[in-house]
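J.: Here's a structure for you.
Bear in mind these aren't lab numbers, they're just calculated from the coordinates by the rules spelled out. This structure is a prediction, so every number in the text was calculated from the model and none was measured. All Cβ positions, glycine included, derive from the backbone under ideal geometry; neighbour counts span all protein chains shown.
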Amino acid sequence: GPMGDGQSLHDSSSLQIFIKAKKKINDIFVEIEDYVLDSVTYVQSLQRERSIVNSDDAAKVESYIAKAKGIRDVLTRNHMKVAFFGRTSNGKSTVINAMLHDKILPSGIGHTTHCFLQVEGSESGESYLVTEDSTEKQNVKSIGQLAHALCKEKLGENQLVHIYWPKDKCVLLRDDVVFVDSPGIDVSPNLDEWIDRYCQDADVFVLVANAESTLMLTEKNFFHKVSTRLSKPNIFILNNRWDASATEPEFLDQVRAQHMERAVDFLVKELKVCTQKEAHERIFFVSAREALQARLQEQKGLPAHSENKTITHPYSGGLADGFHNRYFEFQDFERKFEDCISKSAVRTKFQQHSQQGKLIVADVRTVMDRTYDRAQQLRTEKAESKKELHEKLNFTEQQLLLLTQEMKDKIRQMVEDVEQKVSKALSE
Ligand code: GTP
Ligand code: MG
């Protein structure tokens, strides 16, 4: 069912669109590199024949080795990036933990996020962190250690700490999604710098709002800034802490409708980043804390919500039980998010490179065509001069033949003359 097997469900997820595209474009660039290398070897072998390849063409083809390699390096480093923003204590770190199915980031009282934390998959299977101004890998075995390491670093709010977490522990990390957690936007004066430093290459933004209140001006202003710097950013709005609404079920629908309307207006009319219909696929009412709790339970092999024993089937009684609805909506958010981030990342990360790949191939082809034409031309020229030479030779030969014939005749004449003279003299 959709509740229990969240992890295996992801195998067919749309994140694979990005993974497959990345593999494909990488393979293509391996071929392009081969092609360029072959062309360079060939062009170099022709270097002696200056008239066939000019040095500009040769240099151009050679420059594509570094270019193709550079693009390949960028491609292998590419990933999908999601950045979380919102006012302090709205539950940004908790949302990330819920999506990662584990308590990785410190959250809650005393664990306010002070700087930018980027969580990504670790190739080696170890967990460690690296601060911005050092290359040292600091091992972190537990959330306690991580929190401690982050505290002792005395990090500024503009700093970035990379957290590497084993890929096998989390599908989203395995599938190349990188999470960026941030300090509350209400506590920082450096929003512009933040956007420039951490948001330029983000594929998706998640605004973690508090469902207990309306969207705040600070939250709105931040995303106004984002959307002036990036064209049509993909923004999701999570109305978090929706579990709090369960205490007042009589107002639930009304509150939800009001939040929804305002959030839709914000995305559609204010930011103008999506259509009315799209906006409804971008706004969710969730409880990150419950979702995380449920996943930790599932991890242990227990049902998602063991406290609620009145429910026999998750969906029959689901509507009455807020938890299941909220958890379902959280999973719905994840699916829409995955779809959005992988499509966006394919477009923004690969489109430009695939165009450059085409350009390289076309350019090398032009040089090769030109080389071929020059070689053809040279061949005809040589053949012609050979023909001329041949004709000249024939003529000389004939001349020679004539000449020798002439000489032979002359000599015979002379001999005959001499013979005649001698015999005449003798007879006299
Ligand atoms: P800062 O890093 O300080 O900016 O906060 P944050 O946005 O990362 O919030 P964090 O995830 O640390 O959560 C703050 C507190 O809210 C924690 O005690 C969470 O357990 C709690 N919390 C998070 N999500 C929910 C939720 O959906 N419902 C409820 N009731 N509490 C939540
Ligand atoms: Mg936090």
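J.: May I ask you to sort Glu388, Glu132 by Cβ crowding, counting other Cβ atoms within 10 Å and putting the fewest first? Walk me through the numbers on the way to the answer.
T.: Working: Glu388 10, Glu132 14.
Least to most surrounded, the residues fall as Glu388, Glu132.
J.: Could you tell me which residue out of Phe328, Ile143, Gly357 lies farthest along the dipole of the chain toward its positive end? Charges go on the beta carbon: Lys and Arg +1, Asp and Glu -1, centred on the Cα centre.
T.: Sorting the options by dipole projection puts first Gly357.
J.: Continuing with this model, one more query. Based on a Kirkwood Rh over C-alpha pairs, give the Stokes-Einstein translational diffusion coefficient of segment 36-191 at 10 °C and viscosity 1.306 mPa s in µm²/s.
T.: On the way: Rh = 18.4 Å.
Value of D from the Cα-based Kirkwood radius: 86 µm²/s.
J.: Check the straight Cα-Cα distances from Lys408 and name the aspartates and glutamates below 18 Å, setting aside those fewer than 8 residues away within the same chain.
T.: List returned: Glu397, Glu416, Asp417, Glu419.
J.: Right, another one. For the chain, take the longest principal axis of its alpha carbons; what is the angle in degrees between that and the long axis of helix 288-299, to the nearest 10 within 0 to 90?
T.: Tilt relative to the chain: about 70 degrees.
J.: Per-residue counts of other Cβ atoms within 10 Å, averaged by peptide: what ranking do you get for 251-258, 72-79, highest first? Before the final figure, lay out each step's value.
T.: On the way: 251-258: 12.8, 72-79: 14.8.
The densest-packed peptide leads the list: 72-79, 251-258.
J.: Now for a different question. If packing is taken as the mean number of other Cβ atoms within 10 Å per residue, what is the order of 207-213, 371-377, 59-65, highest first?
T.: 207-213, 59-65, 371-377
J.: If the viscosity is 1.002 mPa s and the temperature 20 °C, what Stokes-Einstein diffusion coefficient in µm²/s follows for the chain when Rh is the Kirkwood radius over Cα pairs? Intermediate values should be presented prior to the final figure.
T.: Values: Rh = 26.9 Å.
Taking Rh from Cα pairs, D becomes 80 µm²/s.
J.: Another one. Which of the aspartates and glutamates could a cross-linker bridge to Lys421, judged by Cα under 20 Å and excluding same-chain residues fewer than eight apart?
T.: Asp409
J.: Would you work out the charge dipole size for segment 44-175 about its Cα centre, treating the Cβ of every Lys and Arg as +1 and the Cβ of every Asp and Glu as -1, and quote it to the nearest 20 debye? Mind showing how you got there, number by number?
T.: Values: 18 positive and 16 negative charges, 46 e Å.
So the magnitude is around 220 debye.
J.: Fewest first, what order do Cys340, Cys274 take by the number of other Cβ atoms within 10 Å? Don't skip to the end; give the middle numbers.
T.: Values: Cys340 21, Cys274 18.
By the 10 Å Cβ count, ascending: Cys274, Cys340.
J.: Among Leu160, Leu271, which comes first, then next, by fewest other beta-carbon atoms within 10 Å? Intermediate values should be presented prior to the final figure.
T.: Values: Leu160 15, Leu271 19.
Lowest count first: Leu160, Leu271.
J.: What is the angle, in °, between the Cα long axis of helix 322-345 and the longest principal axis of the Cα atoms in the chain? Nearest 10 is fine, range 0 to 90.
T.: 20 degrees
J.: Which angle from 0 to 90°, rounded to the nearest 10, does the C-alpha axis of helix 15-45 make with the longest principal axis of the chain?
T.: Relative to the chain, helix 15-45 is tipped by roughly 20 degrees.
J.: Averaging sequence separations of C-alpha pairs under 8 Å and six or more residues apart, then dividing by the length of the chain, give the relative contact order as a whole percent. If you can, show how the numbers build up before the last one.
T.: On the way: 534 pairs, mean separation 86.4, N = 428.
For the chain, the relative contact order is 20 percent.
J.: Counting only other residues whose beta carbon sits under 10 Å from that of Trp194, what net charge do I get with K and R as +1, D and E as -1?
T.: Details: positive: Arg197, Lys225; negative: Glu157, Asp192, Glu193, Asp196.
In short, -2.
J.: Run the reach check for Lys225 against aspartates and glutamates, Cα to Cα strictly under 20 Å, same-chain hits fewer than 8 apart removed. What comes back?
T.: Qualifying aspartates and glutamates at Cα under 20 Å: Glu157, Asp181, Asp186, Asp192, Glu193, Asp196, Asp201, Asp203, Asp265, Glu270.
J.: Which whole-number percent is the relative contact order of segment 13-107 (Cα, under 8 Å, 6+ apart)?
T.: Details: 41 pairs, mean separation 23.5, N = 95.
About 25 percent, as a whole number.
J.: Here's another thing I want to ask about it. Once the dipole of the chain is set up with Lys and Arg at +1 and Asp and Glu at -1 on Cβ about the Cα centre, which of Gln377, Leu155, Val95 lies farthest towards its positive end?
T.: Ranked along the dipole, the leading option is Gln377.
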